[in-house]
Every structure is written in structure tokens, then in C-alpha cells.
Amino acid sequence: MTSTRGLEGVVATQSSISSIIDDTLTYVGYNIDELADNASFEEVIYLLWHKRLPKMDELTELKQQLTANMSLPQEFLNHFKTYPIDKVHPMSALRSAVSLLGLYDDKSEDMSDEANYAKAINLQAKIATIVTAFARVRKGLEPVAPRADLGYAANFLYMLSGKEPEEIEIEAFDKALVLHADHELNASTFTARVCVATLSDMYSGVTSAIGALKGPLHGGANEQVMKMLSEIGSEENAEAYIQEKLANKEKIMGFGHRVYRQGDPRAKHLREMSKQLTKLRGEEKWYNMSIRVEAAFTAQKNLPPNVDFYSASVYHSLGIEHDLFTPIFAVSRVSGWIAHILEQYENNRLIRPRAEYTGPGMQKYIPIEDR
Ligand code: ACO
């Protein structure tokens, strides 16, 4: 029995949700470029969950279900205040809060299709409120209630800042949510599927996935990119910074990918958004610095930027705090996790691979007094 490090190249399941073929990403057969330019995040949620685009009345109904379920119970909000709030990373708070959400759902153990759909709506709706409410509570601010007249992206930005967002901000954020919604069998999606393949509930699957997304080799990279850009400080420092990191054999966050070779098709959309938004804010230095980092890095390593690289300057330009970047990734990706959880339930088999044993051969037990 031989193992493959990091399961590289292993095809672990069949799925009809998203595909990466020849560096092209599709959701249910629709090219991500077309979806990024045309679809709203709610349309993409519907597409991932139902494996077809919604009709107008279906989209309206989904939007209503999401806004109607965004509010969090007061006990839940009080719970945040019991966290050691100044020390907690928002991804850890989110992981705990999503787990807690399961405790407040009396159907959490009900595995019927109806109950699972209700859980899907509950999770997708409330994850936006959890992230924004936590971001406010930790600063001593009251959470802002969602508004029925705003869409998902607009509601997120509104609940975060308490101010009605500008149209360009809503458009950019909505596009970022579309781009992050699903990505074949990435580490967090695989985690979710492994969890629910034991026939565990959806809250457990999503909680596990959040834990996997948090790491800097996966979703946590976007926060690290902003940390790097802040350290670099100005455009002219970019080359020297990258040279030094590479000389020290350090990884540069936001570059490289297990699957893509020529490049991540999502990155070009985020690069363009970064260019526009940083210009609008009069903070072009973040975009210019990112371009210099990309040039310096790719001159040495043939590894193009991934989705996390330009999303950092996009979220920064939207005035979002840097440690909320990965929770925002989760707000979008939960749509994909749910689609995969539902697909796993439909045709389930326990996921239980083997390990290639590399420890000592058979040993004789030695009593503790003789060791
Ligand atoms: N910076 C510098 N070197 C890199 C980078 C990078 N970002 N990525 C890969 N390499 C190098 C490795 O050092 C390694 O070199 P070696 O063969 O000389 O030892 C080689 O490329 C292969 O790297 P692995 O880490 O083995 O590649 P793997 O497919 O396992 O990892 C990963 C992919 C985790 C994305 C990796 O490219 C990486 O760590 N990137 C930085 C973190 C990041 O941006 N993660 C987000 C990915 S996208 C997402 O999850 C949303």
C-alpha cells in the first residue's frame, strides 16, 4: 500500500456541482467568467443547491427566505459577549457560532429533505449576521438588524457598517461572493463531505469546514496577503521583500495552487476589481504594490496568483477589517459546502481511506517498571 502526499491527483468522489478542467472553472457547467459578469450571489446559491439557474419567482422566493432568516436570537448575540472578545480571531468565533446555531435549531438532527433545506437557508442567511454582528460586538457596538429591502451582499455590508452601501460596493462584494462560492473538492469542502458522510448533521459539516478554511494554506491566505502588503508598505519595497522571503524559503501567500497550472481564473476578476476600487478610494498603492509583488514573485517562480491574492486589496478597499477577510470567504463558500453536503447525503458512502504505515514493526509490550 503506497500513499500520495496530500492526496494529490486522487479523485475521491463524483460531483456535478463544480469542475476545474484545463484551468477553467465552472459551476454546474456555467463558466465562472460568465457568472462573475452576470449572476448575482443569490442566483449562484440557487444554481449550486438545485443544479440549475432559478426562474424569476424562484429567485425572488430564495431572496425572501434568506432575508427573512437573517436575524439572530438575542441569546445568541449575548453569547458573543461571553467570549474573551479581544483575543478571539473572528474565524474561531464563527466556527463556534455556527456550531451554536445547531443548538438553537430544533430540527438540527432531522435528516429529512425538508429539514435539510431549512437548515441550508438558516445557515446561509445567518452566517452573514454572525460575521457582521461579531465584528460590531467586539468593538462595543450594537449589531445592526438586516433589512428586507436589501439583497444578500448589500445586507452584509449594511449590517457591518450600519450605513447603506454604495452601488459600486454592493456590485464588487456580490461579485466576490460569486467568485468564492464553490471550488470542486478543495480542503474545506472535502472536510465537510468527510464529516457528513458519517451521516452527521449539516451544522457539524459546516463547522468542520470552517475549521479547515481557517488555515493560511487555504482560506486564511487572504488575511496573510494583506499582512504582507502592510509590511511591504510601499511599491518600491516589493521586489526586495519578495527576494528576501524567497531566499529564506518562505512561502508567499496568495500564490500557487494544487490544481491550476496556468492560473486561477478567478484572480483576473479580482485584479480588475482591485484596480477599480483602489482608484476610487484614492489608495492605488495597494493595487500597485500587488502588481509589483506579482511581477517579482512570478519572475522567480512559475506560480500565478490565486483567488486570495487580489481579494485582499478588494476587501481592504471596501473598508473591511483584515481579520474579517477569511470569514467573508466562509460567508460565500458555505453555499458550496451546503451543495456538497446535500449531494453527499443523496448518494452517501462513508469516506474512510487507508494510511501507509511507517512506524516500527511488531513490538513486545514492556511493563512500565522495566522501560
Ligand atoms: N510561495 C513560494 N513557494 C511556493 C508557493 C508559494 N506561495 N506555493 C508553492 N510553492 C513551492 C513550494 O515551496 C514547493 O517548492 P519545492 O518543490 O521546491 O519544495 C512547490 O512550490 C510545491 O509546493 P507545495 O506546497 O507542495 O504545493 P501544494 O500543491 O501542496 O500547495 C498551496 C498548494 C498550499 C496553495 C501552495 O501553493 C501554497 O502554500 N500557497 C500559499 C498559500 C495560499 O495562497 N493558499 C491559498 C490557496 S487558494 C485557496 O485555498 C482558496
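Here the stretch 20-32 is the region considered, the condition is being buried (at least 16 other Cβ atoms within 10 Å of the Cβ), more than 16 Å from the ligand (Cβ to nearest atom) and among the hydroxyl-bearing types (S, T, Y), and the residue that is farthest from Q262 (Cα to Cα) is Y30.
Scanning the stretch 261-285 for residues that are farther than 14 Å from D308 by Cα, within 13 Å of the ligand (Cβ to nearest atom) and surrounded by 13 or more Cβ atoms within 10 Å (Cβ to Cβ) turns up nothing. Please specify each residue of the stretch 96-112 satisfying the condition of being assigned to a loop (DSSP other than H, G, I, E, B) and not hydrophobic (A, V, I, L, M, F, W, C). Correct list: Y104, D105, D106, K107, S108, E109, D110, S112. Contact map, the stretch 212-226: residues that are aliphatic (A, V, I, L, M) paired with residues that are within 6 Å of the ligand (Cβ to nearest atom) and part of a helix (DSSP H, G or I), Cβ distance under 8 Å, separation 6+ or inter-chain. Pairs shown: A221/D308; V225/D308.
Considering the stretch 248-291, the residues that are hydrophobic (A, V, I, L, M, F, W, C) and not in a helix (DSSP H, G or I) include one that is farthest from the chain's Cα centre (by Cα), namely I252.
Among the residues of the stretch 315-352, those identified as exposed (fewer than 10 other Cβ atoms within 10 Å of the Cβ) and not aliphatic (A, V, I, L, M) are E346, N347, R349, R352.
A residue that is in a helix (DSSP H, G or I), of a type in the set (D, E) and either over 24 Å from F329 (Cα atoms) or within 11 Å of the ligand (Cβ to nearest atom) (or both) cannot be found anywhere in the stretch 292-299. Restricting the stretch 300-311 to residues that are surrounded by fewer than 16 Cβ atoms within 10 Å (Cβ to Cβ) and under 15 Å from G263 (Cβ atoms), the residue that is nearest to the ligand (Cβ to nearest atom) is K301.
Residue-wise test of (1) touching a helix residue (DSSP H, G or I) at 6+ places or on another chain (Cβ under 6 Å); (2) aliphatic (A, V, I, L, M); (3) over 20 Å from T298 (Cβ atoms); (4) away from the ligand (no atom under 14 Å from the Cβ).
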| site | (1), (2), (3), (4) |
| --- | --- |
| S208 | yes, no, yes, yes |
| G219 | yes, no, yes, no |
| E223 | yes, no, yes, no |
| Y241 | yes, no, no, no |
| A247 | no, yes, no, no |
| V259 | no, yes, no, no |
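Checked against (1) more than 9 Å from the ligand (Cβ to nearest atom); (2) surrounded by fewer than 20 Cβ atoms within 10 Å (Cβ to Cβ); (3) not basic (K, R), L229 passes all but condition (2). The helices (runs of 4 or more DSSP H) found entirely in the stretch 159-214 that carry 2 or more residues being polar (S, T, N, Q), crowded, with 24+ Cβ neighbours inside 10 Å and modelled with pLDDT of 95 or more are 187-196. Taking the conditions (1) within 16 Å of the ligand (Cβ to nearest atom); (2) over 23 Å from P265 (Cβ atoms); (3) small (G, A, S) in turn, A197 satisfies each one other than (1).
The values are calculated or read from the model by the stated rules, or taken from the named source; none is laboratory data. From a predicted model like this one, the values you see are computed outputs, not experimental measurements. Note that each Cβ is placed from the backbone with ideal geometry, even for glycine, and that neighbours are counted across all protein chains shown.
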